Amino acid sequence: MDLDFERCYRAVDSRDQRFDGWFYTGVTSTGIYCRPSCPAITPKRKNVRFFPSAAAAQGAGLRACRRCRPDAAPGSPLWDVRADVVGRAMRLIADGVVDRGGVPGLAARLGYTERHLHRMLSAEMGAGPLALARAQRAQTARILIETTDLAMAEIAFAAGFGSVRQFNDTLREVYASAPSELRAARVRRRAPAGAGTIALRLAYRPPLHARALLDFLALRALPGVEEVRDGTYRRGLRLPHGVGQVALTPADGHVAATLRLADLRDLAPAVARCRRLLDLDADPAAIDGTLAADPALAPAVAAEPGIRVPRAVDGFELAVRAVIGQQVSIRSAKTTLTRLLTTAHPPVDHEVMTIDAGVSRSQLHDQPERAGVLRGFLTPEEVLGVPDSGFGMPSARRESLRHLAAAVSDRFVDLAPGGDRAETVRRLVTLPGIGPWTANYLAMRALGDPDVLLGTDLAVRRGAAALGLPDNPRTLQEYAERWRPWRSYATIRLWRAA
């Protein structure tokens with residue numbers, strides 16, 4: 001983002017929430033950095049600097065504002081739009097790749113040297129990968145301090161710090177408070193959520209059409225993996241260090257998230273995946289503004305502002321769903337998926353208790369579904385281990401799933417958030433049984449590409465016809481050029497129109 005001083009200062013002066021996460025405001029006279037929407041008195045121009053990331057502001061010696069809590073702002077929508085190396089790197093850092101594999105692991109995933117990656121991120125973000133990961137660790141630590149009763153040493157290592165001393169020094173530098181002071185201050189805000197539970201708020205840029213998201217997820221919910229009930233979406237998670245469960249409840253200005261994790265080192269990846277699932281870092285003003293410029297879509301945008309693209313917590317899970325869902329109804333696909341899950345029968349993860357209280361370990365073991373435990377989806381290795389009789393589908397589709405599982409297991413296909421979108425689509429269509437529709441569907445939902453039009457999709461064509469748009473795939477593709485770079489959001493609206 002070009003941090004033009006006048007444009008940024010006007011956003012700060014008007015306290016415009018739409019710019020939260022786009023940039024950060026540093027105030028040299030007070031030594032703090034804020035969101036653009038911070039309610040404090042607008043600082044004088046001579047005392048203001050603008051930064052593209054919280055890590056860049058911290059690198060300039062500024063601490064986070066205690067009033068507007070800039071580290072809790074929505075993420076920048078740039079990382080949804082951009083498919084270049086910097087965009088991929090930012091998505092992987094958010095998923096905890098640096099915490100797990102260091103900068104060498106991040107560089108290897110992206111195919112660049114550490115030095116070149118540092119140079120690119122520093123030029124774009126004002127900070128290198130270590131500093132960006134450090135800023136994320138500080139935020140994770142603050143969440144754990146304020147929402148749990150864990151000892152500080154446990155929090156330090158759960159947040160990804162190498163030592164308690166590094167943990168203490170970082171929090172003093174970022175928040176100008178010792179960890180014990182942050183814990184004492186939580187009494188004025190909120191109490192811990194309970195043993196083993198982490199409760200937090202996931203911010204977004206309004207508006208958010210929550211009902212559309214929940215309707216989409218409820219229609220496709222797999223028993224034993226996910227459910228939608230009473231305005232809350234719940235699901236099981238497979239995370240880098242273990243398993244977990246999450247309950248997500250959209251509210252005014254935020255999504256309330258309740259997490260249960262087998263390993264607290266998975267907090268940052270779990271939060272990143274929940275944000276990605278609900279598309280919480282999107283910029284609805286820009287998206288709706290572009291789509292509403294088309295008279296055919298304008299009434300739908302006005303009636304339902306803030307439509308998001310439901311994405312995925314696990315790219316492989318979505319790929320399996322997409323292959324099984326080819327040319328069959330959603331209900332039929334769910335039946336086949338449920339059979340596959342039942343046959344594979346992954347072991348119950350006893351470390352994670354149900355989010356609902358009062359469930360014993362014996363209940364979890366004997367009646368996991370009745371007890372309310374939601375498991376993560378199958379891994380590629382588990383799918384490869386399912387016998388022929390467990391698939392419940394034609395042999396050609398069964399073999400397509402096995403080729404897909406092998407490709408993901410061997411890392412020939414990268415469906416992680418930092419995957420190269422164009423290369424992943426190219427490799428997907430080389431697999432048996434995966435054509436352009438499936439590959440592009442995965443680019444839209446698994447890889448987060450905001451500019452995919454599924455023009456050959458029957459429901460898209462029906463939606464186009466319902467809105468008076470051309471329903472011929474080639475003609476619709478040409479017409480949709482005016483919706484760039486938000487054709488994925490147009491696809492969702494056409495589905496709803498159908």
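The values are calculated or read from the model by the stated rules, or taken from the named source; none is laboratory data. Remember, it's a predicted structure, so these values are computed and weren't measured experimentally. Cβ placement follows ideal geometry from the backbone for every residue including glycine, while neighbour counts extend to all protein chains displayed.
Inclusion of Pro74 among residues that are of a type outside the set (Ser, Thr, Tyr) and surrounded by fewer than 21 Cβ atoms within 10 Å (Cβ to Cβ) is not warranted. Of all the listed residues (Gly419, Gly463), the sole one being part of a loop (DSSP other than H, G, I, E, B) and surrounded by 18 or more Cβ atoms within 10 Å (Cβ to Cβ) is Gly419. Elements of the type strands (runs of 3 or more DSSP E) sitting completely within region 183-254 and holding at least 2 residues that are modelled with pLDDT of 95 or more: these cover 226-229, 232-239, 242-251. When region 133-164 is limited to residues that are assigned to a loop (DSSP other than H, G, I, E, B) and touching a residue at least 40 places away in the same chain (Cβ under 8 Å), the one that is nearest to Pro104 (Cα to Cα) turns out to be Gly160. What about Arg311, is it closer than 27 Å to Val243 by Cα and out of contact with any strand residue (DSSP E or B) (no Cβ under 8 Å at 6 or more places or on another chain)? Judged against the criteria, Arg311 is a match.
Selection of region 12-48 for residues being surrounded by fewer than 21 Cβ atoms within 10 Å (Cβ to Cβ) and under 21 Å from Asp80 (Cβ atoms) yields Asp16, Gln17, Arg18, Ser37.
Taking the criterion of being closer than 14 Å to Gly315 by Cα and either assigned to a loop (DSSP other than H, G, I, E, B) or not assigned by TED's automatic domain parsing to the domain that holds Ala333 (or both), the residues of region 371-409 that qualify are Gly376, Phe377, Leu378, Thr379.
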